[in-house]
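Accompanying notes for the structure given below.
What follows draws every value from the coordinates through simple rules; no lab data is involved. A quick note: this is a predicted structure, and the numbers were derived from the prediction, not measured. Counting neighbours? That spans all protein chains shown, and the Cβs are built from the backbone with ideal geometry, glycine included.
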Amino acid sequence: MRILVLVVSGAVLSAGGLACSSDSGTKSATPGAPAVASAIENPLTRRGGPLRQQWAMDRLWEDGKAEVATYEAERMVQGESRRFEHVFITAKEEFNQQYNVRTDSLQRKDIFPVMRFGQLCSIPTDTYPYHLQTCLFFRRDQPVQLHKLTTSAQEWGGTTFKVITDDGMQYVQAYNSYQDGQGAGERQLRRTVLFEDALPYTLRSLRFEQLPHFQTDMYELQQTNQATPPVLYHAQVRTEDALTADTPEPAWRVRVALTNQKQNVYWFSKKYPHVLLRQTTWDGRTLRLKQVQRITHLPGSSTGRVASGAAGE
């Protein structure tokens, strides 16, 4: 019997699936923790802080198009470097409050604008691929405070799905995993945090020229096929001018130290909208921008949707 081992976005992929990493000195969410008595604001959202809350208010995002960035990606899989494409999709959408999803009708009175940040990839192995998809949503004028996150992992062993929503007092994570000992459930998470999954989006709003350096609590990557309580890191974030040899165009380099031993690095273009050019992480993952396009019809939008019983129309 062969045992498959794959390091994926801060997680270990084995014959049993993607397992969230752990680290001494970090904190984990506690299932069933009591709710916070009143809403708590993230200190990173304060006016004049290290991140621009109006970053996504530029007219660029009002052209009806989606930014589709395709990356050349690598991960070590079974001792070999596996290459694949990783796609990031960023676009403005309208949500409705009733269902907290993209609305089909703009005539409703409960709609509000959000920015959607999607991540899609298929990771090959010698036996079968792992399909991973994550969608993060932020209110358009709040690039720091996550509004909603959904993530799923599919492979021959089963499917795991997780959703995180903000109720104004804390984050609520609901999950459904095929893993023994996990199954289905719900837990509360802290609200004054960043999420590792969101960094390629949220860090685009940095006040780069000020070379900000700050500390923040950060939940580990959610794009795994596990539904265990996520590890909470106290991360250090530092912004620097990138070396000219690092990227094909002028860039800012942002170092994120989850711990002394776990450090990620992100390179963002100096030109607005500061697209992610490159990424390296403590577990050996790499991303390099292959191309970036603005596409009129976003897959899954109301204009591209296939109704039940109407396939091919």
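Computed about its Cα centre, the charge dipole of the stretch 153-252 is approximately 300 debye, with only Lys, Arg, Asp and Glu carrying charge at their Cβ. For the stretch 80-136, the calculated P(r) over all alpha carbon pairs, in 10 Å bins from 0 to the bin holding the longest distance, is 21, 34, 22, 16, 7, 0 percent.
A simple spin-label model places the labels of Thr70 and Glu240 3.3 nm from each other, with each point 7 Å out along Cα-to-Cβ.
Here Lys148 is the anchor, and the lysines within straight C-alpha reach of less than 16 Å, apart from those fewer than 8 places off in the same chain, are Lys92, Lys162. In this simple spin-label approximation, Thr159 and Gln107 carry label points 7 Å from Cα along the Cα→Cβ vector, and these lie 3.3 nm apart.
Sorting check: for 255-268, 142-155, 101-114, which peptide has the highest mean count of neighbouring beta carbons within 10 Å, and how do the rest follow?
On the way: 255-268: 17.9, 142-155: 21.3, 101-114: 12.9.
Ranked by mean Cβ neighbours within 10 Å, highest first: 142-155, 255-268, 101-114.
What percent of all Cα-Cα pairs in the stretch 49-297 falls in each 10 Å bin, counting up from 0? Answer for the stretch 49-297: a P(r) of 7, 29, 39, 21, 4, 0 percent.
The peptide list 189-201, 161-173, 222-234, put in order of mean Cβ contacts within 10 Å with the highest first, becomes 222-234, 189-201, 161-173. A Förster radius of 41 Å combined with the Cβ-Cβ distance from Arg207 to Ile295 puts the calculated FRET efficiency at roughly 0.90. Using the Cβ-Cβ distance between Glu249 and Asp63 with R0 set to 22 Å, the FRET efficiency works out to roughly 0.45.
Would you kindly state how much longer the chain becomes between Arg52 and Gln215 on full extension, computed as 0.36 nm times their sequence separation minus their alpha carbon distance, in nm to one decimal? Can you show the working numbers first?
Values: separation 163, 0.36 × 163 = 58.68 nm, distance 1.65 nm.
That pair, Arg52 and Gln215, stretches by 57.0 nm at full extension.
Annotation: aspartates and glutamates with alpha-carbon distance below 16 angstrom to Lys65 (same-chain offsets under eight excluded): Glu93, Glu94.
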